[in-house]
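Take a look at the structure set out below.
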Amino acid sequence: MSLKSIIRDLWIIRDEMRKKKKPKPGGAERKQMRRRRTKAYIAPEQPFSLPSTVPQSQWADMPPELLHDIIQRVEEAEISWPARRDVVACASVCRSWREITKDIVKTPEQCGLLTFPISLKQPGPRDSLIQCFIQRERETSTYRLFLGLSPALSGDMSKLLLTARKIRRATSTEFVISLAADDFSRASNTYVGKLRSNFLGSKFTIYDSQPPHGAPIQTNQKSHKKMNSKHAISRIPTGSYNVATVSYELNILRTRGPRRMQCIMQSIPISAVQEGGVAPTPTDLKDCLNQQTSLSPVSQGKKLLDNLSCGSPRLDLEHDDMSDPLILKNKAPRWHEQLQCWCLNFRGRVTVASVKNFQLVAAAEPSQNVSAAEQEKVILQFGKIGKDIFTMDYRYPLSTFQAFAICLSCFDTKPACE
């Protein structure tokens, strides 16, 4: 068949379709159609009834005993990531599976493994270190924390835990920490906290997105201009609970050797490192934005706005029951005569000399009943192993989030402390 005959057939088909079209409506019909377009359609009032039974997944009908045994075997068979994702998959089936999985999976303090996002806010193991590494991107000022020994050994098997973005301001520097790789909005549910420095870069404050487990909170009462309701609700903090402070000693004359730092863990008591002590362990991630804006009654909402109008938008902890917080100090290095440099024993985890390398141990007074062996135990160590690659190892009573925030303080410029 030639091209001309095909085109001719198409024209014939088009003409036949035009002939079959309905004629244009008359005047009365056009008025009725215009009236329908101008007026909204109102559905007739009919009683709405919910179905008597809501259909559920067929997996939700499994006997709890059998389900508990299956998930427990899966959990015991997975000793490393990424095989750990099968446990997370079990928790994603339905609500009953999730509740049983949460009961079976232990905290990092008990099993030494990171499973759910809440594990990043829970203390690490007591008898071993959780080994991670940090990858720095200078172009975007982004820092990514991975679970594993190093990029060379982990490869594609590494697990992204946290990501931080460095934001420079006129009087300070902020590191916004998130669960996602590219979402750093404080209004997102992936926001976990932030780190803020002072003007000199010698003092940093760690803010958590949720209050520490069992700790009361209090709003700072300072003079502040009154805000209307719209501005007040938009400025409700999504995570401003002061949980720790990192300080660097000034060394303007550079006569004191390497950096000296001190961390005051305001959310961890000194009793956590004593014999039989326990550190606060949260059990669930809470969305503080939803909690604070969910005060739907008018009286509660007005009270919240009044507090915000007369106080700072930052929330601090009330440490009436935290009279002796845990204090961490950097382990003093020794001078190596042959190498002519300050040295620390990182047990092979650090290979490049850097001013950022440090080890933190507990600092306690004799009256606080902390054994000498506990004071010599390294709680957090951080060091350089390559260009823009750093290792981070931590243990109880620090969490992944707290350890990562402390390490981020080393990436800020400190000309007065070196």
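The values are calculated or read from the model by the stated rules, or taken from the named source; none is laboratory data. Please read all numbers here as calculations on a predicted model, not as lab measurements. Backbone-built Cβ (ideal geometry, glycine too); neighbour counts: all protein chains shown. These area figures cover heavy atoms from the full protein model, side chains too; ligands, DNA and RNA do not enter into them. Shrake-Rupley method; radii C 1.70, N 1.55, O 1.52, S 1.80 Å.
Points worth noting:
- Using the Cβ-Cβ distance between I264 and K356 with R0 set to 25 Å, the FRET efficiency from 1/(1 + (r/R0)^6) comes to roughly 0.75.
- Probe 1.4 Å - accessible area at H68, Å² to nearest ten: 80 Å²
- Net +/- balance of residues flanking T281 in space, Cβ distance below 10 Å, scoring K and R +1, D and E -1: 0
- Other residues lying with their Cβ under 15 Å from the Cβ of R165 contribute a combined charge of +3, Lys and Arg counting +1, Asp and Glu -1.
- Under 10 Å, Cβ to Cβ, from Y396 - net charge with Lys/Arg +1 and Asp/Glu -1: +1
- With the highest mean first, a sort of the peptides 186-193, 357-364 on other beta-carbon atoms found within 10 angstrom per residue produces 357-364, 186-193.
- Solvent-accessible area, 1.4 Å probe, carbon plus sulfur percent, for the range 362-415: 48 percent
- Taking all protein chains into account, the per residue accessible area for the range 334-403 stands at 50 Å² (1.4 Å probe).
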